[in-house]
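Trainee: First, the structure itself, so that you have it in front of you.
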Amino acid sequence: MMMIIFFMFMIGNLIFVFKHKHLLIMLLSLEFIVLSIYMMMMMYLSFIEFDMYMLMVFLVFSVCEGALGISILVSMIRTHGNDYFQSFSLL
């Protein structure tokens, strides 16, 4: 099971690195990475029979990260018309 979670983490990182044209695909790959880290933490904490309070804190931060990413995506689409990174300049 740990190999599957590690494989999920690596696939999420590869998608994040190679599909950097669209902001939406990058956000989805980040959420996939967060999901694999959550599963890994859940397995590890249940293995050592530890409390699951850290998982709740992790979920709160991951939801905040997702909401921030969606708000950035919406503001970018409103100002530039699409979610391509090449269509705007950082200057």
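Each reported figure results from applying straightforward, stated rules to the coordinates on display, with no laboratory input. No experiment lies behind these values; they were computed from the predicted model shown. Every residue, glycine as well, gets a Cβ built from its backbone with ideal geometry; the counts of neighbours run over all protein chains shown.
For every residue, the table says whether it meets (1) in a helix (DSSP H, G or I); (2) surrounded by 15 or more Cβ atoms within 10 Å (Cβ to Cβ).
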residue: 14; (1), (2): yes, no
residue: 17; (1), (2): yes, no
residue: 20; (1), (2): no, no
residue: 26; (1), (2): yes, yes
residue: 30; (1), (2): yes, yes
residue: 35; (1), (2): yes, yes
residue: 39; (1), (2): yes, yes
residue: 46; (1), (2): yes, no
residue: 49; (1), (2): no, no
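Trainee: Which pairs do you get when a residue that is touching a residue at least 60 places away in the same chain (Cβ under 8 Å), found in the range 21-48, comes within reach of a residue that is surrounded by fewer than 17 Cβ atoms within 10 Å (Cβ to Cβ) and not in a helix (DSSP H, G or I), reach meaning Cβ atoms under 9 angstrom, with the pair 6+ apart or on two chains?
Mentor: Pairs found: 21/84; 21/85; 21/86; 22/82; 22/84; 22/85; 23/84; 23/85.
Trainee: Also: Given the conditions (1) among the β-branched types (Val, Ile, Thr); (2) closer than 21 Å to residue 1 by Cα; (3) under 16 Å from the mean Cα position of the chain (by Cα), report the number of the one that residue 48 does not fulfil.
Mentor: (3)
Trainee: In the range 51-89, what residues are polar (S, T, N, Q) and assigned to a helix (DSSP H, G or I)?
Mentor: Within the range 51-89, 62, 71, 75, 79 meet the criteria.
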